[in-house]
Amino acid sequence: MQLDFFPSRTLTVYLAKTFIVRIAAVLVMLVLILQMLDLLSESGKILAYPGNGEGELLHYASLRIPQLAARFLPYSVLLATIITLATLNQNSEVIAMKAAGLSAHQILAPLLLSALLVAGASFVFNERVVTRATSTLKVWQDNDYAPVPPEVEARSNIYLNDGEDILYASRVSGRGDATAMSGVVYYQRDSRGMISRQTRGERATFAAPGWRIEDPVVFDVQSAQSERSAGPLIIAPGITPEQVALRGVDAAAQPLEELSESIAALDAAGRRTAELEGQWWHKISGPLSAVLMPLLGAVAGFGLARSGQLFVRAVIGMALGFAYFVVDNAALAMGSFGGYPPLLAAWAPFVLFLLVGETVLIRTEE
């Protein structure tokens, strides 16, 4: 029995079912509480735009819930691990399983398998749902919760340099020659680096070269006067659609395949990609952190429940789990600043706490 990782089908199904139900319960509880708090803080901004009402609040919640679920799923797995194992320990079920000849790793095996399935589902959910929700919500927020026309691959708040001049677009949509900008402001600077002229327009399209800005309003700084142009103007002749696409990269809003293409394009342009590469790897290691949680929280499930140390063990399990998230975020930050290579920044915390969890489990229970 010691060499069989899953010695009992009945026990495996029982433990896995109990664990998954509690993961779902904890996740729903966390998401509902956090969504209510988040909605309270954002509802004023949403309703500040004329015409927004209950429908827009529900739309915001539908975009925010996937983000909250993805972010707090590993925490839910950790808390579900502690609750499940502490309950089994308190009811002497862990003692019964050990008396039947099961090791600590065999008791944890159904939980690890369940966590692996949860991690796989989390990865697919992040790629298919969370990235789209993040992209849509970011554009809506940057538009001050005003209605946003349904356009493909919209990006927001893009700044571009055309020599000494600066082009700003509140929203960019499309790719290649079909790229279009909304809320455009073009700042022209003189030889001293001071702004000499400002051109505003609601929409600009690629004119090959330059960008055709419709119905522009030109403000001259020296005369402090503005006037509406009689026709379209061509601005920013040195800016290409490829440069616009490179400025709109948001790792959280792009699935792996699209992010890979963005990284390759940035690298070909000689731009720094360490932060995006770290985010690319973290799209894999992040969901897999759910597999670590049963191992880090396992300390709560062993030891004698009557010894009075069950609460202390639960606290230790929570501390190990939350320490992982702290180290993981710190490593990603260090990777973004170039302190760690992207691969190391994304995977070092996972490997480190895998070894820590195994060490604690073997030293205390095996």
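Every read-out reported here was derived from the displayed coordinates using simple, explicitly stated rules and does not represent laboratory data. Owing to the predicted nature of the structure, the values given are computational and were not obtained by experimental measurement. Cβ: placed from backbone, ideal geometry, glycine included. Neighbour counts: every protein chain shown.
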Just going by the charge dipole of the chain, with Lys and Arg at +1 and Asp and Glu at -1 on Cβ, which of L102, G231, W347 is farthest out on the positive end? L102
Cross-link partners among lysines for K17, C-alpha distance below 23 Å, same-chain residues fewer than 8 apart left out? K98
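Given Cα positions, please report Rg to Rh for the chain, the hydrodynamic radius being the Kirkwood one.
On the way: Rg = 26.7 Å, Rh = 24.0 Å.
With Rh from the inverse mean 1/r over Cα pairs, Rg/Rh is 1.11.
With contacts defined as alpha carbon pairs under 8 Å and 6 or more residues apart, what's the relative contact order of the chain in percent? All intermediate terms of the calculation are to be shown ahead of the outcome.
On the way: 563 pairs, mean separation 61.0, N = 366.
Across the chain, relative contact order equals 17 percent.
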What distance in nm separates the simple spin-label points at I195 and H59, each placed 7 Å from Cα in the Cβ direction? 3.1
Förster radius 30 Å - calculated FRET efficiency between V221 and E258 (Cβ-Cβ, nearest 0.05): 0.15
Tell me whether region 1-112 comes out rounded, prolate or oblate; compute the Cα gyration tensor, take square roots of the eigenvalues as a ≥ b ≥ c, and use a/c under 1.5 as the rounded threshold. prolate
Subtracting the Cα-Cα distance from 0.36 nm times the residue separation, let me have the gained length for E214 to S41 in nm, one decimal. 58.6 nm
Along the charge dipole of region 164-237, Cβ charges K/R +1 and D/E -1, which of M194, W211, S170 sits furthest on the positive end? S170
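Membrane-span-like helices in the chain: DSSP H runs reaching 20 Å or more (Cα, own axis), mean Kyte hydropathy at least -1.0? Provide the component values of the computation, followed by the final result.
Values: long enough: 9-48 (57 Å, 1.45); 54-90 (47 Å, 0.65); 104-125 (31 Å, 1.82); 274-296 (31 Å, 0.36); 310-336 (40 Å, 1.51); 342-365 (35 Å, 1.40).
Within the chain the helices that satisfy the rule are 9-48, 54-90, 104-125, 274-296, 310-336, 342-365.
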Neighbourhood charge, 14 Å Cβ-Cβ cut-off, centred on S114 and excluding it, Lys, Arg +1 and Asp, Glu -1: +2
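With r defined as the distance between the Cβ atoms of V315 and T364 and R0 fixed at 22 Å, what FRET efficiency is calculated, to the nearest 0.05?
Details: r = 15 Å, r/R0 = 0.68.
After rounding to 0.05, the efficiency reads 0.90.
For N329, what is the net charge nearby, where nearby means another residue's Cβ is under 14 Å from its Cβ and Lys, Arg count +1, Asp, Glu -1?
Numbers: positive: R71; negative: E275, D328.
Around N329, the charge tally is -1.
If we count every other residue with Cβ under 9 angstrom of D220's Cβ, Lys/Arg +1 and Asp/Glu -1, where does the sum land? List each step's numbers first, then the result.
Details: positive: R197; negative: E227.
Net charge in that neighbourhood comes out at 0.
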Under 23 Å between alpha carbons, and skipping anything fewer than 8 positions from K283 in its own chain: which lysines qualify? K138
